[in-house]
Amino acid sequence: MASARTGAALEIRKIRKKIRQIENLESLDRDLTDEELNKILRKSLLRENLLELLAEHGEEESFTSSTRSELTDDGILTESSSYHDYIVDAGYHDSIITGEVTIIEPEDETNTDLIEIDVTDDLEEEMIINKNTNAVTGEILEDNMVNTKPVNMETKTKSQNKSQPVTKATSKELRENTNPSPVKKSKQPKSISATHTNEKTEKFSKLKATLHKWRFGKFEVIELEGHSDLVTDADSDGVLLVTSSRDTTVKLWCLETLSELRNYGGHNSAVTCVQLLSKDDSANVCKSLGTDNTERLFISGSYDCSFKIWSTGKSGEALRSVYTFNPVTKVIYHPVAQAIITGSDGGKLEIWDTASGEKLHSVHPYEESVTGLKVINGTIFSCSAEGVISVHKLQEDKIICYFVSENIRSENNGHLTQRYIRGFDVRDGLIYYGDDGTNVKVLDWRKGLVHKLINHSEDFGITDSLSCHGNIMVSSAYSLDNGAGYVNVRYLPEETYMTTLDDEDTGRILSLSYAESGNKDIVITAGTQLKVWISNTDQRKDINEENLVSTRYVPKLAQRHYQDSDVESDVETTDSEAEEDGRHDHPSQSRDSSQGWLSYCNII
């Protein structure tokens, strides 16, 4: 039963709202009023008061209390549990870890569901593998998407039948004993082929190796200096890095030398977004523009109502500049249509001919700013500041809506709140997004289902950015309580939490980029600072030890028992009167919790 609200709890909630308001003020691209500047000056004092209250009273209802028991009701291994006590299967029962599988032989030879897992590797003792994973292995195709789910296997402890003799057997023998030959061959369950078994073993071996690399790795952290204001976006391929800033410039960096290669100064307002094009896409765009340029290209968008196509070559020239009549918040190249798509501050999606710069078509799916834009296999995914997600496709140069979010359904019927979407990426038909809540949300848009991943070790925070690349997802986390930013790393599609990158000296992270270069993992964090995090430091001799940061493991982030974000924290206080009582409802956020924002708008 929830405890009664105290005056301290209300004061904590009120201060958090004020700090979030101030954070939002600091990100505005305009001159602030004297009143707004005075609010910003109060942030440090407010944060000190907040930390004092938290130290004295703590959270009224803390999630961490739910992790004190050794095992939750759902059978999820918790921080105080031993890996040997409970084995939670994630669908790899043919090759769980690399331990030895022994079978307890019962008197009835057909009953072989009693299994003991012998784990000898220290790494596996730390691994927490979730039972209810959402493993999606299909790809988004033009017409359909294939989803597959992991196979679950029930396990019991050896203590349930200690009197029975123990014999060792292979996983193949286990399957054969479990499935005796039926009378009719046509009704026999399909056996797992040797090829399939090898694929699963190889897949799990890759997961294990990746877990070890990230869990016990070290990163060299280098801050790149050059921008004079907030870094709004960053995109990298592991060799080149492109960044945009509120200082109206775009910069090109070399990640090998960690140095600035070129400064681009063509915009006259904050540059909001950049995309570094691949070699093939760069060649296609150059062909469309009729230029002999053979260098890599990138695109930038700005509040000055324009987007530009730049060359990374020595000339550093803008190959194309297009006036859009709307402030550009997101820009992306559509390789199938060989066109450029922009998202505007007013909620528009517009498609532009690369060769002529003419607008081909536009739609207005949102009332507020477009905050995310991705193109996957020709499908356009986008999201907005009002918390809406849409899926579109191009048909004859027209943007056709296939899906828009209006109603939501949680996989476990939990609470869902519509919030400002800040981080956004797509992988294998799942939309991963972060907002002003503490969790990362995962939307299967074809099924209309959402589940959550814990993304903060604190009880109050913001997820500003996330990025998926291969089997890795990195997501930023920001604690409003102490002003600290850090990065959480997960393995996809199992969504297994692996580690956290935190140098305890990073502020708010507005943009994330992850890439691989050779045998190095490179993470770019951009926001109040621009930092490069480089792994595989043990093979380099020229490293400054002061720049080395060890990864850290946060047990809470591995749990499946997430805590819903504080609903009242979504209610913004905008005026001094509202701040007094902390209960001024924002119209776009005071929705019935039973309603969501996920539904089909149109199927063509």
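Points worth noting:
- Apart from one condition, Arg68 fits all of (1) modelled with pLDDT under 70; (2) among the charged types (D, E, K, R); (3) surrounded by 15 or more Cβ atoms within 10 Å (Cβ to Cβ); the exception is (3).
Every residue, every condition in (1) over 20 Å from Ser511 (Cα atoms); (2) out of contact with any helix residue (DSSP H, G or I) (no Cβ under 9 Å at 6 or more places or on another chain); (3) surrounded by 24 or more Cβ atoms within 10 Å (Cβ to Cβ); (4) polar (S, T, N, Q), yes or no:
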| position | (1), (2), (3), (4) |
| --- | --- |
| Gly265 | yes, yes, no, no |
| Lys279 | yes, yes, no, no |
| Cys286 | yes, yes, no, no |
| Leu289 | yes, yes, no, no |
| Glu295 | yes, no, no, no |
| Ser300 | no, yes, yes, yes |
| Cys305 | yes, yes, no, no |
| Leu319 | yes, no, no, no |
| Thr329 | no, yes, yes, yes |
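- Listed by position, the strands (runs of 3 or more DSSP E) contained in the range 230-331 that have at least 3 residues being closer than 30 Å to Glu368 by Cβ are 231-236, 240-245, 271-276, 297-302, 306-311, 318-323.
- Test: Phe381 is outside any loop (DSSP other than H, G, I, E, B) and open to solvent by less than 10 Å² (accessible area, probe 1.4 Å): yes
- Cβ pairs under 7 Å, 6+ apart, first in the range 410-435 and assigned to a strand (DSSP E or B), second modelled with pLDDT under 90: Ser410/Leu416; Leu430/Val136
- When restricted to residues that are small (Gly, Ala, Ser) and either in contact with a Pro (Cβ under 6 Å, 6 or more places away or on another chain) or farther than 18 Å from Thr248 by Cα (or both), the range 306-343 contains 5.
- Those residues of the range 351-379 which are under 18 Å from the mean Cα position of the chain (by Cα), among the aliphatic types (A, V, I, L, M) and within 18 Å of Gly301 (Cβ to Cβ), in sequence order: Val370, Leu373, Val375
- Scanning the range 320-340 turns up one or more residues that are over 30 Å from the mean Cα position of the chain (by Cα) and hydrophobic (A, V, I, L, M, F, W, C).
- Put simply, of Asp459, Asp481 the only residue that is open to solvent by 20 Å² or more (accessible area, probe 1.4 Å), touching a helix residue (DSSP H, G or I) at 6+ places or on another chain (Cβ under 8 Å), outside any strand (DSSP E or B) and among the acidic types (Asp, Glu) is Asp459.
The values are calculated or read from the model by the stated rules, or taken from the named source; none is laboratory data. Everything numeric here is computed off the predicted structure, so don't read it as measured data. Backbone-built Cβ (ideal geometry, glycine too); neighbour counts: all protein chains shown. The protein model used for the area step is the full one, side chains on, heavy atoms only, and it has no ligands, DNA or RNA in it. Shrake-Rupley method; radii C 1.70, N 1.55, O 1.52, S 1.80 Å.
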